[in-house]
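Data block below; observations after.
What follows draws every value from the coordinates through simple rules; no lab data is involved. Bear in mind that the values here come from a model prediction, so they are computed numbers and not experimental data. Cβ coordinates were reconstructed from backbone atoms using ideal geometry, including for glycine residues, and neighbour counts include every protein chain displayed.
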Amino acid sequence: MIIEALPLWHFQTNCYIVGDRPGGKAIVIDIPGEPDVVAERLDEHDLTPIAILHTHGHIDHLGGSGQFSRNYGGLPAYIHPLDRDRLVDPRSQLGGLAAMLGDLEIDPPDEIIAIDEGDKLDLAGFPLKAIHTPGHTPGHLCYLLSDVETDDGSADILFSGDHLFAGSVGRTDLPGGDWEVLMNSMREKILPLPDETLVAPGHGPITTIGQERKTNPFLVEAAGSL
């Protein structure tokens, strides 16, 4: 498989390209405001994108979604229903930050598909499972990719968006955020995952569930309240 993180735009948001093989199909997880960079990298891998998956509705994760979708003839964009309005009208969340958009065209994709807890997608020859992890936003999703071949054998990969980072967790001081809800999502949905599960976050480096369980103070706190 081809799995690559592209840190993009003002907030160095990780856009993930996930493809089955060179010359094959791919999905893209989150599209910050540099869709042309994503397209260039797909071309270098000789991959054809067939869908966009969004972890949540913040502008740094979907600012380039509509433009990217239309550049490929109207790719569908998947998002949880509770964050759909953020994708339909991304300008509504910006306030005084609108100036940072520059000339970015942020009209939404024409086809927006709802995805929720437990939904399974097999869009490009590999299975992805949606896990609803509210707290950072009401409709935040993580995506679990199972049995990926690695140098050490095989492992599952959790694309965690802004729910879990290396050493930290998502902020909850933005509209729709809720600390208690985020921690409950962590206890119920994330901590039960095996230690060897790789975590590919929306910002920063890759980590593992085991590493975060031992060293991330927020997960230590969440585990202590089980």
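When we measure straight from the Cα of Lys214, which aspartates and glutamates land under 20 angstrom away, once same-chain ones fewer than 8 places off are left out?
Cα-Cα hits under 20 Å: Asp156, Asp162, Glu188, Asp195, Glu196.
Quickly work out the Val220-to-Glu4 label distance, labels modelled 7 Å from Cα along the C-beta direction, and quote it in nm with one decimal.
3.7
Sorted from fewest to most neighbouring beta carbons within 10 Å, what does the list Trp179, Trp9 look like? Intermediate values should be presented prior to the final figure.
Working: Trp179 15, Trp9 21.
Listed from fewest to most nearby Cβ atoms, that is Trp179, Trp9.
Sort Asp46, Asp156, Asp162 by Cβ crowding within 10 Å, fewest neighbours at the top.
Asp46, Asp156, Asp162
How many nm is it between the label spots at Arg21 and Trp179, if each spot is 7 Å from the Cα in line with the beta carbon?
5.0
Give me the base-10 log of I(q)/I(0) for the chain at each q in 0.07, 0.10, 0.11, 0.18 Å⁻¹, Debye formula, one uniform scatterer per Cα, rounded to two decimals.
-0.20, -0.41, -0.50, -1.38
Would you be so kind as to identify which of His58, Leu141, Ala124 lies farthest towards the positive end of the dipole of the range 56-162, taking Lys and Arg as +1 and Asp and Glu as -1 on Cβ and the Cα centre as origin?
His58
When only C-alpha pairs under 8 Å and at least 6 residues apart count, what is the relative contact order of the chain, in percent? Before the final figure, lay out each step's value.
On the way: 531 pairs, mean separation 32.6, N = 226.
Here the relative contact order equals 14 percent.
Run the reach check for Lys129 against lysines, Cα to Cα strictly under 16 Å, same-chain hits fewer than 8 apart removed. What comes back?
Within reach: Lys120, Lys189.
Calculated from DSSP H runs of 4 or more alone, at -39500 (n - 2.57) each and per residue, what is the 222 nm mean residue ellipticity of the chain, nearest 500? All intermediate terms of the calculation are to be shown ahead of the outcome.
Values: 7 runs with 49 residues, N = 226.
One gets -5500 deg cm²/dmol as the mean residue ellipticity at 222 nm.
Under 16 Å between alpha carbons, and skipping anything fewer than 8 positions from Lys25 in its own chain: which aspartates and glutamates qualify?
Cross-link targets: Glu4, Glu40, Asp43, Glu44, Asp46, Asp122.
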